[in-house]
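Below is one structure; the comments refer to it alone.
The values are calculated or read from the model by the stated rules, or taken from the named source; none is laboratory data. Treat the numbers as computed from the prediction; the structure is a model and nothing was measured. Cβ sites come from the backbone with ideal geometry, for glycine too, and all protein chains shown count toward neighbours. Heads up: the accessible areas ignore ligands, DNA and RNA and are worked out on the full protein's heavy atoms, side chains in. Shrake-Rupley method; radii C 1.70, N 1.55, O 1.52, S 1.80 Å.
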Amino acid sequence: MLRQTATGRNAYRWLHSTSGRYNRVHAPPDVAVSSMYLSKFPLSTYKDSPADAEVISHQLMLRAGLIRRLASGLYSWLPLGMRVIHKVERIIRDEMNRSGALELRMPAVQPAELWRESARWDAYGPELLRFKDRHEREFCLGPTHEEVITDIARNELKSYRQLPVNYYQIQTKFRDEIRPRFGVMRSREFIMKDAYSFHTDTESLEAGYQTMRSTYETIFTRMQLEFRIVKADSGAIGGSISEEFQVLATSGEDAIAYCDADGFAANVEVVNLPPLADEAPAPSESLTLVDTPKAGSIDDLAQFLDCSAKQCLKLLLVKGSDTPAVGLLLRGDHELNAVKAARLPAVDLPLTMLPADAVHAATGSIPGFVGPIGLDIPLYVDHSATVLTDFVCGANQKDKHFRGVNWGRDLPLPEAADLRNAIDGDPSPNGTGTLQIARGIEVGQVFQLGTKYSESMGATVLDADGKTQTMQMGCYGIGVTRVIAAAIEQNHDDRGIIWPAALAPFDIVVIPINMEKSTLVAEQTHSLYAELRAAGYDVLVDDRPQRPGFKFADADLLGLPHRIVVSEKTLSNQQIEYKSRTASESQLVARADFAQWLRAQD
Ligand code: ATP
Ligand code: MG
């Protein structure tokens, strides 16, 4: 519903209508509309995709001049990209403030002592970038801010009367990711909106969590993204209850398991797969050592032996907590679930795959040919691999495997555990129907932390009886820069980006034809620019001395929602040419009252 407010020109904001939909409306004069002539805006676009950009959003963000790479996982945001960041941040701030959360700002550099108090200095692993100052004091670059906010809470909050409270910031984070990739989707430095709530009891925490969950739904709906809320692992952050907001995209790094029949939806990381009722058929083959030259991968092995990947057993070796190696056995077509593996008592944390030399020390063989027969290390086998019969596995000798292997007869059945990721067709944990798998990009996550940080760091308040009480805590993150890449993954065509209107760096591009030669075109361009700005639009005028075809291609690449062409030809009929980014054809529209006409199209 469009709601007009009697406010200043050159400004607008979004209002939440009761129907839950949003529309752009005129707004208070504090938010200035900034428009631009391209002759004053050093835009540099590329025609071709940079070779090192694997996913479409990364390619288009480089081609359209939104970002530039500085080093691995480090990106500069050019002025065009910065405008999108501001749009994203404005929506987030708007909704966080509406929910009653309070904005603050914490330092990016954090002292080691705080991280020692929460025991995460040792637990966090190499993603935490650590360094020393000139006085040899230890610091880290903040990957997240639970420690700092808990320190603030224990100093500032004294009484139950001050609770609940939710603090948030929009701030730069650093994680020394093992594999930075996909541009700003998985970068090392990125912008996050992080919020932390403090409560007297678990009921209040649950209520605060639900408020944030629905605030996030509103935020991603306003960004016009197609997303799903899924159950999630709480990972290095901690706590028990957690959900992720996943933007659906084939390029997504996460796999989501869902079941339309019973509404189940979870990150595959947390889908429990109990033992199957099936029993292993009786063995029919004898154990045989076979030559498998160069067949070190499951695919090569299955092809070489003319069997299916399901018939192969793979052995993955990870670092043990008390032993140099622990073996994890899975069916060849299944993937190890790192979250589940990390729960095994014999496995060291953080979960570490053994490098080739350690694999050799544990098995006498090289990766690709290792197997469980005769190995004297702790072993676990995934439930689904316990029912294999006459299977294939590595023989701990280069270029050799065993065929016709059977549990009990050829080797003892190790302890069975749930070790794998769910796949298409697995039964739904809710009991009805089967699971389907979709790809997603995690743009946000909400957690009920409980007392994980408040307990270890002593964050307490006095309750109504004057007794000391440990605060309950929740935390809530949105990847500001990742969400921009996710929006492009969902909204593009072969010509470029198609911005959701709420995120577009400008609303409209005006392309004058022959402006240098025609006073009429120049005058009309300037007056249109002024009118559209006054109507609350962000306008970009492409007054560069380039051919129209070049400007049209750039307009499509930049993906602004509306394109207007001003030429003597159409002006002679008091018309201009209009095309929305998603339409295939342009149309002629009366020059007079154009802004009003455009508003009516929303
Ligand atoms: P992931 O599983 O993708 O590594 P995470 O679960 O570790 O992310 P959180 O701690 O939940 O991330 O951080 C909150 C949000 O920050 C994430 O939902 C995501 O949108 C964003 N984010 C996390 N890591 C990165 C990164 N390396 N680059 C860009 N955004 C990130
Ligand atoms: Mg997360």
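Structure data summary
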| item | result |
| --- | --- |
| Per-region count, segment 483-514, residues closer than 21 Å to Leu598 by Cβ and hydrophobic (A, V, I, L, M, F, W, C) | 13 |
| Which listed residue is touching a residue at least 40 places away in the same chain (Cβ under 8 Å), in contact with a His (Cβ under 6 Å, 6 or more places away or on another chain) and away from ligand 1 (no atom under 16 Å from the Cβ), from Pro275, Pro283 | Pro275 |
| Segment 69-89, residues that are outside any helix (DSSP H, G or I), more than 18 Å from Arg179 (Cα to Cα) and more than 20 Å from the chain's Cα centre (by Cα) | Leu78 |
| Lone unmet requirement of (1) within 16 Å of ligand 1 (Cβ to nearest atom); (2) farther than 30 Å from Leu317 by Cα for Ile441 | (2) |
| Condition broken by Pro548, with the remaining ones in (1) loosely packed, with under 13 Cβ neighbours inside 10 Å; (2) within 38 Å of the chain's Cα centre (by Cα); (3) free of Cβ contacts under 8 Å to residues at least 40 places away in the same chain satisfied | (1) |
| Count of residues meeting criterion [in a loop (DSSP other than H, G, I, E, B) and either within 16 Å of ligand 2 (Cβ to nearest atom) or open to solvent by 10 Å² or more (accessible area, probe 1.4 Å) (or both)] in segment 266-278 | 7 |
| Only one of His360, His401 that is touching a residue at least 24 places away in the same chain (Cβ under 8 Å) and of a type outside the set (Phe, Trp, Tyr) | His401 |
| Failed criterion for His334 (all others in (1) in contact with a Gly (Cβ under 9 Å, 6 or more places away or on another chain); (2) under 23 Å from Asp300 (Cα atoms) hold) | (1) |
| Selected residue (criterion: least open to solvent (accessible area, probe 1.4 Å)) from residues of segment 205-240 that are charged (D, E, K, R) and within 20 Å of Ile92 (Cα to Cα) | Arg222 |
| Index of the failed condition, Leu351 passing every other in (1) away from ligand 1 (no atom under 16 Å from the Cβ); (2) more than 24 Å from Ala265 (Cβ to Cβ) | (1) |
| Conditions (1) free of Cβ contacts under 8 Å to residues at least 24 places away in the same chain; (2) of a type in the set (Asp, Glu); (3) surrounded by 13 or more Cβ atoms within 10 Å (Cβ to Cβ): number failed by Asp48 | (3) |
